[in-house]
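Nothing in this text is a laboratory measurement; each read-out follows from the coordinates by a stated rule. From a predicted model like this one, the values you see are computed outputs, not experimental measurements. We place every Cβ from the backbone using ideal geometry, glycine too, and count neighbours over all the protein chains shown.
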Amino acid sequence: MTRTIGLALSGGGSRAAAFHLGCLRALNDRDLLDRIRVVSGISGGSLLAALWAYGPPDFADFDTRATDLLRSGLQLDIARQAFRPSAAVRNLTAAACAGTRQLFSRHSGVSVARPANRTDALAAVLTHKAFGTQTMADVTHPGLAVVLTATDLATTNAVRFGSTRSGCSRYGTITEPIHVATAVAASAAYPAILPALERTFTFQHPGGHQQQHTVLLTDGGVYDNLGLSVLEPGRSPHHTQHVYDVPFIISCDAGLGELALKAPHFMPGRLNRSFATVHRKAQDSARSRLHEWAASGRIDGFALAYLGMQDDRLPAPPADLVPRSAVAAYPTNFAAMARGDFETITTRGEQLMRTVLPMYLRPAHR
Amino acid sequence: MKDSTTPELTEGQQLALDQLHRIAQASQGSMAATHVTASTGRPGYVEARISVGCANLPRTQGALRLRSVEAVTLLIPPNFPFAAPSVRTRHTRFAGAPHVNWGRHLCLYRSTATEWDPADGMYGFVNRLLDWFEAGAAGELDRPGEPLHPPNALTDHTAGLLVIRRDAPVARPDGPWLGAAVLHQVGDTRSDVVGWLAVEDPWPATLEQLRQTAALPAGARAFLAPAVVTTKHLTFEYPLTARDLVEALARDHITSRLLLGLTGFVADHNRTLLHLDGDAQDEDDEDTPAAPVHLLLGTPSRGIAGDGPRQTHLVAWHLPDFADQIGRLAVGTAFSGRPYLAELGDEVIQFGTEWLDRLPTRWMRIYEARPEVTVRRDQATPAAWLRGKRILVLGAGALGAPVADMCARAGAAHLTVADQALVHPGILARQPYTDADIGHFKASVLADRLNRIDPHHTRVEALVGDITTRLSELDLHPFDLIWDCTANRIVRAHLERARRTDIAPWPHLATLMIGHHATRGLAALSAHGATGGGADVLRRTALAAHTDTTHTFDDLIEDFFPTKPRTELFQPEPGCSDATFTGSAADVTALAGQLVTGVLYALADPADRPTMATLIVRMPASPTSTQPAGPRWLTWPNDTLVTDKATGYDVRITPAALAEMRAEARRGARVRGSRVETGGTLLGVVDDATGVIFVDEATGPPPDSLLTETYFRHGLDGVGAHLGARREATGNISRFLGMWHTHPHTAAQPSATDRAAMTSLTLPLDDAPSRALVLIAGGPESVWHKWLATGDGPDLYAHLATRTASAAAEPPSPQLPARLGPVTWWPGGYATRPHGPVPFPRKARP
């Protein structure tokens, strides 16, 4: 089976992760998961991309595990527990004993200079509940590449954690193996909700020398909330470490489109809303770029499943379509999901993906 | 610069000399111009001697041996710079080197038309000359891969023309090749070399045998011409007299005695051949030769590439009729084998040799058509695919006539053009016919004309009459490609049905169409082995155009696949012609060319060949209007074929429809367990004319469906809305067709319940048609699992059911095996949980 599809999973907390799980169910039913060459994730999309790429090989097992995790939520309070200083010391010692010294080394581990923040805690929860000490190279599915994107607030560059290599265009390639949990947490640190994750890595510069840099990692969505930029056709290997040139792109977009009208009066509210606006703008331009790539023949085609799509714009909706209004109110955090919310969001994802696939798939990619 | 004589200079020659002077001044002594005179050999030309310093050129072993200063003579034409000068040496030291003709002439340009730039004038010429010396010194004059320049023979246009069609013989190292060329006399002055006979071979005894050996048609005029091929490249200077030529040939042991003997031997044989079936020859004929005397001379000097073996270069010397006589006389005496004639023979030879000495040489024009030294201008183009193929062109009109022309020129071996129409005045505006053709059958006129393109290779036949009836008389399998240029729905439907019912696979079929204003063209290709013919490919083109989300094909839909029939029709001659399109010869020829090239590209690479494909081309528009999009291909893999046993119809299930059924079955296995049946609606159409049932799309079970391990009941929710939406989206091409359901782990055969349901045919529609396709996907466990896992399979059952029981009759209740105990009922749609163990849910029918 030739892998010719690029899959992009957008940001948007657990709502996005659940939506993407539904989309992946449809892709599984369509038998397209084996055709995916690269999965690109942002924030909540990174979480689901990682759960799939580093999870059990069998789809049903992955589905069960992802369902359990999203339903129970990423409980940060528990994480606080895990990050009492004594616990941190214990963890470090344990890791060192396990021979994975490099993974939790002075530089790639928790910053000692700053007290562990809630994003560090998220990484710890992810380690504890999902990924253990798996590193980015440990992809379950042979032939699949993974790219999880975060943003470095210090340089405003994208930092990409990949199954083949990690790094950013300014500093070069990170030499240390990266924990999947770290990458997901960094990618998911939505600025308005979670603080940035501070990490120091050794970068191998394109020129050859190595140097340590500290990066302040925050939600990859600040840069590109759909995760599409890494799939852009014709990227030059001189300017980026990730060139895939997939002829067909499937984009799962858990954004909501038009913002509900509300007047934010207080500082946190305004901040939150301005971030949301930035995200929405970035998302709109990413979607139009997808159309441009297809129109200019740079890619053979794409399929876009968009959570916030107006229901009446679907040409042939299923009779039992979960309406947009049923999922629109769900927030973009990582709290435990009620069964009803989880089912409506996953079902809408599955329905939209199943409905759009036959419309966009060309014979070569069926 | 010192002039010995003062020639009359034209303005151009003055320019040339000025330029030469400036070059000499700027060259700091490495080039000097010494002497300017009027040319004695060529009136109006000016000769300029120049010397070129070659002392500093790097030398290599085996290269041209250059002196430190090389003197050459430039020959400047009166119309310089609109004709290039030429250059020769005053010595023959370079004779025999590549790009040196007839001992003295240096060949600087392969084609002055493309390589000589008048604007560069003498500067360009001297540069070229210096390059030549540099390459000569380095031994690189004859780079591998560069075509060698053949020795130039100055030709005499009145001497006649020879077209060389057959590869020439090569002399063995131990002696020249002697024999005859078989000439096909095409016209008064032109003959074609169509074969070679060595003296040691048996020669045909009659003209008929001669024609057979050369594959000439009956009645073709043919004769023999003496021919010799030398063992060595002739390095002599261009022989102005026959004496020079004969002397040069003698160095290769080809004596005048031999030449006379061969000429006489061939002349004798010509008389035998030509007078056997002709009138009784009387004595006066003795002086008249039976055929003109052309002496062909071959030298091993012509190569396509560097160091490979030299091909024979041919020249032909036209001899006076007296050569016939003297030759025969020589044969009758010197070569008779009778000792008492030997003395007389010697005298004849002596006389003949002296006669030859006095003759001027009259070189004939030679046109090469030998495969060994010529390269087809269309080689490595898509059209090369057509060479040697058998082609059928249906329609000899605006598209068919140019398409047939293109096939004939590309060298198809056999071409059949079919049309029933007559040439009438109106079509001359764009179809390649003439006033004289009016009233004649297009197919016959076209075939006659195309037969003249390459009568040696391409045979063109006309098929006049109604294509649908004539085609059934024709065995189509020997053809390699059929072009349907009729733009006729009846022909298309006829072909589709004939192709479907044929046991043997058909040749490639390309269906060509142009739009109402000849601004767009379509080529629908159904390659050998494709499940669909032209009508099928056009139908899926229409579907693809209608459902394309980017609206790239909106113009195409309007032009070719409108949802409502066009009201404005173009009738150029009211009352007496069919409606047609508007378009010029330029439009239709350009579209035909693009479509042919596209289709041939698709056929050229068997590994990459699509099974079904459509090429869309659009003509350019004016510089100020929005430019239409360029060529676009749409391709489709084969459908899955099932035969409906009752009607014999083809059921063609698109990969998209099967993929949707499989996705639904995989979803079922994931959510409901591997044994619960599922199903849904089929969209497509039944075409009774061609006997094809097109299954375009499938959908999953409506939410109010009921799914169990032994029974599937198709629900109603959303079906009408979905069908309406798809009908709208596909321009009414894809409609309600029937229903599908699965038999996981069991045979794809209708159960008793299914059979009963097929007679009552309860459909999820208000205005239900009286017949519908029932499709069952199933198979034993291994087959079923393989389908779900890999996409191979499943077993399929298809039946076009017709309602026989009254529509009002209650559909039969499913018979549920009691032994299974409580049955789990699942809803359709995207439900993830079953209804729960209830006896039998109430039917949700309105």
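Below is a table of values for the structure above.
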| quantity | calculated |
| --- | --- |
| Full-extension gain in nm, B:ALA498 to B:TRP633, via 0.36 nm per residue minus C-alpha separation | 46.0 nm |
| Residue-averaged [θ]222 nm for chain B, counting only DSSP H segments that reach four residues, each worth -39500 (n - 2.57) | -8500 deg cm²/dmol |
| Backbone HN-Hα couplings from phi across segment A:307-316 [Karplus 6.51/-1.76/1.60, Hz, Gly and Pro as x] | 3, x, 4, 5, 4, 6, 8, 6, x, 9 |
| Gyration tensor (alpha-carbon) shape descriptor, chain B, a/c threshold 1.5 | prolate |
| Folded to 0 to 90 degrees: helix B:534-547 orientation relative to chain B principal axis, Cα | 70 |
| Where N is the number of residues in segment B:640-832, Cα Rg divided by 2.2 N^0.38 Å | 0.96 |
| Among B:GLY62, B:ALA48, B:MET31 - extreme Cα towards positive end, dipole of segment B:11-137, charges at beta-carbon | B:GLY62 |
| Hull volume in cubic angstrom per residue (convex hull over the Cα atoms of segment B:495-550) | 93 |
| Segment B:383-636 - Rg over Rh from alpha carbon coordinates, Kirkwood radius | 0.94 |
| Residue mean of other protein chain beta carbons inside 10 Å, A:28-39 | 3 |
| Hz values of 3J(HN,Hα) by residue in segment B:667-672 - Karplus curve (6.51, -1.76, 1.60), Gly and Pro given as x | 4, x, 4, 6, 9, 9 |
| Tilt relative to chain B, helix B:121-137 - C-alpha long axis, 0 to 90 degrees, to 10 | 90 |
| Bins of 10 Å from zero: percent of alpha-carbon pairs in the protein assembly as shown | 2, 8, 12, 13, 13, 13, 12, 10, 9, 6, 3, 1, 0, 0 |
| Base-10 log of normalised Debye intensity for segment B:11-137 (one unit scatterer per alpha-carbon) at q = 0.09, 0.19, 0.22 Å⁻¹ | -0.24, -1.12, -1.49 |
| Pairs of Cα atoms farther than 17 Å apart, segment B:644-694, % | 49 |
| Whole-angstrom Cα spans of segment B:400-542 along principal axes, big to small | 43, 37, 27 |
| Cβ-Cβ FRET estimate between A:THR155 and A:LEU314, R0 fixed at 41 Å, reported to 0.05 | 0.50 |
| Average other protein chain Cβ within 10 Å of Cβ, residues B:670-676 | 1 |
| At most 15 other Cβ within 10 Å, DSSP loop - trypsin sites (Lys or Arg not before Pro), segment A:278-338 | A:ARG298 |
| Whole-Hz ³J(HN,Hα) from phi, Karplus 6.51 cos²θ - 1.76 cosθ + 1.60, for segment B:411-426, glycine and proline x | x, 4, 6, 9, 9, 10, 10, 10, 6, 10, 7, 9, 6, 10, x, x |
| Cα gyration tensor shape for segment B:188-228, rounded if a/c is under 1.5, else prolate or oblate | oblate |
| Cα shape, segment B:578-631, gyration tensor, a/c 1.5 rule | prolate |
| Where labels lie 7 Å past Cα in the beta-carbon direction, separation of B:LYS645 and B:HIS253 in nm | 8.3 |
| Normalised contact order of chain B, rounded percent, pairs of Cα under 8 Å and 6 or more residues apart | 6 |
| Neighbour-count order for B:ASP704, B:ASP192, B:ASP454, fewest beta carbons within 10 angstrom listed first | B:ASP454, B:ASP704, B:ASP192 |
| For residues of A:352-359, the mean tally of beta carbons on other chains within 10 Å | 3 |
| Length gained when the stretch B:ARG387-B:GLU208 is fully extended (0.36 nm per residue, less Cα-Cα span) | 61.5 nm |
| Cα Rg, Dmax, segment A:167-246, angstrom units | 13.6, 38 |
| Simple spin-label estimate for B:ASP792 and A:HIS209 in nanometres, 7 Å along Cα-Cβ | 5.9 |
| Total formal charge among the other residues, if their Cβ is under 14 angstrom from that of B:PRO750, Lys/Arg +1 and Asp/Glu -1 | -2 |
| Label-point separation in nm, B:GLN749 to B:TRP355, each point 7 Å along Cα→Cβ | 9.6 |
